[in-house]
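This report concerns only the one structure given below.
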Amino acid sequence: MRDFDYVRPATISEALVAAAEPGSAYLAGGTNLLDLMKGGVTSPERIVDITRLPELNRIETLDDGGLRIGALVRNADLAHDPAFAKAYPAVAEALLSGASAQLRNAATAGGNLLQRTRCSYFYDTASACNRREPGSGCSALGGENRLHAILGWSDACIATHPSDFCVPLVALDAVVEIEGKQGRRHVTLEEFHRLPGDTPQRETVLEPGELIVAIRLPAEAASFAAHARYLKMRERTSYAFAVVSAAAALTVRDGKIRAARLALGGVAAKPWRARAAEAVLLGADADEAAFVRAADAALADASPPGDNAFKIELARRIVVRTLMSALAGTPALMPALPASPFSSLPGVRHDA
Amino acid sequence: MTLELGPNQQPAHTRHGSSIGQPLTRRDGFLKVTGTARFAADNHPPGMLYAALAVSSIARGRVVSLDVEAAKAHSGVVEVMTPLNRPALAADPDAKDHPFMFRLDLLQNDRVRYPNQSIAVVIAQTLEAATEGAALLSPRYEVLPARVGLDGAEGFVPRGVGVGGPAVQQKGDVEAGLESARTRIEATYETPAQYHNAMEPHAIVAAWDGDRLSIDTPSQGLAMAQGRIAGLFGIAPQNVHIRSPFLGGGFGSKGMISGPQVLGILAAKLVGRPVKLVLRREQMFGPVGHRAPTRQTLRMGMDGEGRLTAISHHARTTSSTFDDFFEPAADASHTLYASPAIATSHDAVRLDTGTPLFMRAPGEATGSIALESAIDEAAHACGMDPLEFRLRNYAEVEPMTGKPFSSKALRECYEQAAERFGWASRPLQPRRMRDADGFLTGWGMGTATFPAIMFQAEARAVLRADGSGLMETGAQDMGQGAWTAFAQIAADGLGLDIDQVDFRAGSSDLPNAGIAGGSGHTATAGMAIHNAGAAVIARLADLATGNEASPLFGAGNEGVLARGGRLYRRDDESRSESYADILARAGLAEIEGRGKGAPDPASQETYAKHAHGAVFAEVKVDPDLGQIRVTRLVGAFAAGRVINPRLVRSQYYGGMIWGVSFALHEEAVTDRRSGRIQNANLADYHVPVNADVPSVEALLVHEDDPHVNALGIKGVGEIGITGTAGAVTNAVWHATGVRPRRFPIRIEDMLG
Ligand SMILES: Cc1cc2nc3c(=O)[nH]c(=O)nc-3n(C[C@H](O)[C@H](O)[C@H](O)COP(=O)(O)OP(=O)(O)OC[C@H]3O[C@@H](n4cnc5c(N)ncnc54)[C@H](O)[C@@H]3O)c2cc1C
Ligand code: SF4
């Protein structure tokens, strides 16, 4: 590991000043940043430790009925907050399906949004990678890419964004609250992450030195609580990144879909809001036929850059299944295997 | 005062069952749970420096330059070891005096022959400085194209496979057998490269004192390591002292001393100070062995009753370009199923990888998943229940050699496991069972087997004036529980309560305990301990029965038995004398006995010796999404005498879970162009987590084996993988009707 400066600001404004220097990086839970530093993937010159900024540590209900999640709220604390889990069950389920208990205890909400791709070539510094080293090429193309993107990829980069948390968040119109030298601004999560295009190294709209202070959920997001699920296909039952995942939230009245939210994970460089599918669902009969049409719409533009064509069909099926389980209703208890297709197996439920 | 007993003598006064057979908890458990067990990397001798390996990022070629200046200029870096300044060795690391001497990469030249090969060592005041120094070397290479994959080079037939067995073997006429068959199957299966990935990385702390070397390092074979290191450095073996009290797993990768460990010793020599070197996780994917991938084709013929008329098993495997280890996968077909004709053959390609090595059930695991899949396919082709089919083809003698089995309680294993599992209600056809939630449910089975192997071991027993005992042998505890099981054998061997026995192991200055491998450690070192105990008790009995003042006078050596620290007259237990009294009368501070453990050559010739088992698996498969979960595993195993049922069960659990891993999870993903492994970390190299193994049961089936050794011990370390991997994949077929032939089974293979 290279030598670096370490600063621990006491206030947000101190943090912004400290991070204004080029080569700075904020340190939150460190579960991604430190791994990248040890592997020589990133080598910041200055670490700005934001973990002592108490105002980033709160979960607050806003006057308009919305929710504000401080950027430093730990993944586990958020998922296990009873009021939060009740109002946003799919988000809690997504959080609990990610990583391991130890990692969730350390990982923060803001850090989760900004975690880097798990593309193995990105981590392998001996490989060409446009995201790590712009212009060097993309080793995943023509390489081992069965888990790579099927939507929104470019010839410059076919990586996916690995977060589970972001998938229901983007479905529920979450907004990222950002503080920078220019003051505070709000960006929808849908616009926050960028597709690779020709500049895969620019992963988000954050400007250098900008700080995520919170993530907001609008009041409407809680209205889906009775019909909201997250489903995640993995290569083992737990402690693995998504091959493909989906979050679905429905409002159903008289057998008709009055509101629908759908997003996919593990398919693109950003959490993928499936707006075309939502349009198909709106006003449709709440049944499997509508969900199949929605799945087709969601994947209409999908194409495989390599050995991952199966993910398209898998994603279709996951969309249908997730919508079916959202329709069936949010379970009263958090499944012991959150977001697993096996979450309904008898004997595996417990109160999260 | 020493008395020595040979390998398989069983003096009449020994009895089993006081300590042996008890489910003692691990004697080292407290140390481990509290974090006070000292593993190799926990040592910090005064003045110690840290070494970091620089490893190659190419698979094949030459290192053209290293920026040694930049590394040395980094603050804290003390020295950089490259081929130019590496201290001289007394032996060529590329020499191979015997098949178990593996070639090592010790900076002998600038050549690169696999990714993650060591190309330099940076030694520094801190681990961080050493690590950054290694990065600053910024190697430049002359790159040659990497040879990757089972078809990556020209195939050839190796001279020997596994421990040197013939690559091609046959009995009977397979083609005629197939010709005459009523039903035939043929199928090809692929297994991936796997890496041992013990939780504890290979680590070494080495300190030189003149020409004496003191080492802390995990080793599954202390005496072999000692000999290898002594040979490389041109010093006497007794000048090399290795301490290895605990291993955080080995699985075969710590059987032989590896290149990086020797580089730690060389680094200490170069700087004249103690040095610690610990491999990073990704550096374990190359220089410390792996399980080679295989592609196996099985052909079977069956007559009208479902009796096998022929088994043909061919395996292609891979090795490195510079050394020989060939996964003996096809040999799995030698022992399990009766057939008038059996042919097994191997061929291989040489790739730009590290040399493959023994990895938990080498050959047996890879071969078993293919054989058990094929047997399942054959049973289905004959319209038979897989268990009935296996019983129809039950081998009463070892199929390949015709030798009788020393013992074989496989029928009991089938019976007990099937009963416990509820196999009888299984529908014959696949895709017939659904659970209440709509998941496809399947039941599959596999037969487990592993040879009962013994090596050579020695032990030294002492009885002391206070009546307590000491047992010493350089045995290795890999986490399997050797500290406990051997202490139990020692206690019975010495006729003492276990708390009266001081058991010492894990150090190379103790008697050679052989290797903790091949599932043979408990049998081998256990017999040495048993015989050493018997020898010292015999000596004690001489002292007592030959002395008129003793109540045992005249009983004769055979006429006494040892128990609870006393010798008793066999024909009159009211007459006894304590060890302490006997020694006091003789005026002796202590007496000593030595014992050996080794296979008995006569019974070796006569009998086929194997442990057996039967494993039944239930899987659930999501009918649309293809996700698989093993919801139930029941195994029953017969492996001779059980020294400690708790530890033995743990070995079976671990093996069975590895079987799940083999079928569903584990795989090293190699970039097809660079030859570099893309998932060389424990986030991406998947092994099962708790949620993948919700229910695992292991039944211990009673088996007396009078031939393997006096204690009747076979081995339990590896057998659990075999059978299980097949049971899981067969259950997946039974659930879905889709026959997996490539492992691990992937989601895309299940989508249909
Ligand atoms: C083995 C393993 C398995 C995992 N499995 C999963 C999984 O299944 N699903 C999943 O979703 N995730 C998974 N993760 C990823 C994990 O969720 C992320 O590492 C974690 O959420 C990152 O949060 P952190 O607080 O530790 O971020 P850090 O590592 O501290 O930071 C990550 C990045 O965000 C920046 N940053 C952090 N906070 C802020 C802020 N407030 N403002 C601006 N920049 C900021 C940092 O500079 C850094 O670039 C896994 C991680 C590991 C190591
Ligand atoms: S897919 Fe993206 S992250 Fe992966 S190698 Fe290509 S450019 Fe790099």
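The values are calculated or read from the model by the stated rules, or taken from the named source; none is laboratory data. Keep in mind that this is a model prediction, so the values were computed, not measured. Heads up, the Cβs are rebuilt from the backbone with ideal geometry, glycines too, and the neighbour counts pull from every protein chain shown. Calculation scope for accessible area: heavy atoms of the full protein, side chains included, ligands and nucleic acids excluded. Shrake-Rupley method; radii C 1.70, N 1.55, O 1.52, S 1.80 Å.
Numerical summary
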read-out: Amide H within-cut-off set for B:T631, under 5 Å, with H built and near neighbours excluded; value: B:E618, B:V619, B:K620
read-out: Neighbouring partner chain Cβ atoms per residue of B:687-696, average, 10 Å criterion; value: 4
read-out: Cα convex hull of segment B:479-537, projected area averaged across orientations, nm²; value: 4.0
read-out: Inter-chain Cβ neighbour average for residues B:621-634, partner chain, 10 Å; value: 4
read-out: Cα centre as origin, Lys/Arg/Asp/Glu Cβ charges: segment B:134-275 dipole, Debye; value: 520
read-out: Taking all pairs of distinct alpha-carbon atoms in chain A, Kirkwood radius in angstrom; value: 20.5
read-out: Sites A:D35 and B:Y394 - FRET efficiency at Förster radius 30 Å, r taken between beta-carbons, to 0.05; value: 0.05
read-out: Cα-centre dipole for the protein assembly as shown with unit charges at Cβ (Lys and Arg positive, Asp and Glu negative), debye to 20; value: 740
read-out: Lys/Arg +1, Asp/Glu -1 at C-beta; chain B dipole; positive extreme among B:S519, B:M48, B:G587; value: B:M48
read-out: In sequence order, calculated HN-Hα J values of segment B:543-554 (Karplus, 6.51, -1.76, 1.60; Hz; x Gly/Pro); value: 4, 7, 6, x, 10, 4, 6, 8, x, 9, 3, x
read-out: Between segment A:53-112 and segment A:216-245, the Cα center-to-center distance that results, in Å; value: 13
read-out: Relative contact order (percent, whole number), chain A, Cα cutoff 8 Å, 6+ residue spacing; value: 17
read-out: Zone residues, segment A:7-39, relative to A:R52, backbone N less than 13 Å from point 7 Å out along Cα-to-Cβ; value: A:7-12, A:14-15
read-out: Residue among B:Y568, A:T322, B:M101 farthest towards the positive dipole end of the protein assembly as shown, charges placed on Cβ; value: A:T322
read-out: Cross-link pairs B:K254/B:K714; B:K32/B:K596; B:K72/B:K96 - those with Cα-Cα distance over 28 Å; value: B:K32/B:K596; B:K72/B:K96
read-out: Euclidean distance of C-alpha centroids, segment B:246-307 and segment B:113-139, integer Å; value: 21
read-out: Contour excess over end-to-end distance, with Cα ends at A:A226 and A:D301 and 0.36 nm allotted per residue; value: 23.9 nm
read-out: Chain B, relative contact order [Cα under 8 Å, separation at least 6], %; value: 18
read-out: For A:D173, solvent-accessible area (1.4 Å; no DNA, RNA or ligand), Å²; value: 50
read-out: Total charge dipole magnitude, segment B:219-363, about the Cα centre, Cβ charges on Lys, Arg, Asp, Glu only, Debye to nearest 20; value: 760
read-out: For B:E458, distant residues with modelled amide H under 5 Å away; value: B:N512, B:A513, B:G514, B:G597
read-out: Neighbourhood charge, 13 Å Cβ-Cβ cut-off, centred on A:R58 and excluding it, Lys, Arg +1 and Asp, Glu -1; value: -2
read-out: Relative contact order for segment B:466-541, counting Cα pairs under 8 Å that sit 6 or more residues apart, in percent; value: 41
read-out: Those residues of segment A:305-322 whose amide nitrogen sits under 19 Å from the label point placed on A:A289, 7 Å along Cα→Cβ; value: A:320-321
read-out: Filtered trypsin sites (Lys or Arg not before Pro), segment B:160-232: DSSP coil and at most 13 other beta carbons within 10 Å; value: none
read-out: For segment A:227-337: rounded, prolate or oblate by the Cα gyration tensor [a/c cutoff 1.5]; value: oblate
read-out: Estimated inter-spin distance, B:N547 and B:V163, nm [label 7 Å along Cα→Cβ]; value: 4.4
read-out: Approximate spin-label separation B:D466-B:R420, in nm, with each point projected 7 Å along Cα-to-Cβ; value: 4.3
read-out: Net charge contributed by nearby residues that have their C-beta within less than 13 Å of B:R673 (K/R +1, D/E -1); value: 0
read-out: Between segment B:695-751 and segment B:471-536, the alpha-carbon center distance in angstrom; value: 29
read-out: For segment B:44-61, 3J(HN,Hα) per residue [Karplus equation, 6.51 cos²θ - 1.76 cosθ + 1.60, θ = phi - 60°, Hz, x = Gly/Pro]; value: 9, x, x, x, 5, 10, 10, 10, 10, 7, 9, 10, 6, 9, 10, 8, 7, x
read-out: Reachable lysines from A:K270, criterion Cα separation under 19 angstrom, eight or more residues apart if same chain; value: A:K232, A:K311
read-out: All lysines inside 26 Å of B:K171 as judged from Cα atoms, apart from same-chain residues fewer than 8 positions distant; value: B:K403, B:K408, B:K609
read-out: Zero-based 20 Å bins, Cα pair distances in the protein assembly as shown, whole percents; value: 12, 37, 36, 13, 2, 0
read-out: DSSP-defined antiparallel bridges as percent of all bridges, chain B, nearest 5; value: 75
read-out: Global geometry of segment A:1-49, whether rounded, prolate or oblate, following the gyration tensor of its Cα atoms and the 1.5 cut on a/c; value: prolate
read-out: Residues B:R38 and A:H186, FRET efficiency given R0 of 60 Å [Cβ-Cβ distance, rounded to 0.05]; value: 0.65
read-out: Antiparallel content of DSSP bridges confined to the protein assembly as shown, in %, to 5; value: 80
read-out: Radius 12 Å from Cβ of A:R229, net charge of other residues (Lys, Arg +1; Asp, Glu -1); value: +2
read-out: FRET efficiency, 1/(1 + (r/R0)^6) with R0 35 Å, evaluated for B:K403 and B:A381 via beta carbons; value: 0.70
read-out: Cut-off 13 Å (backbone N to label point 7 Å along Cα→Cβ of B:S695), residues of segment B:437-475; value: B:442-443
read-out: Amide H partners (placed H, <5 Å) of B:A448, local residues excluded; value: B:G613, B:A614, B:V615
read-out: Ordering of B:306-312, B:34-40, B:744-750, B:457-463 by packing [mean C-beta count within 10 Å, highest first]; value: B:457-463, B:306-312, B:744-750, B:34-40
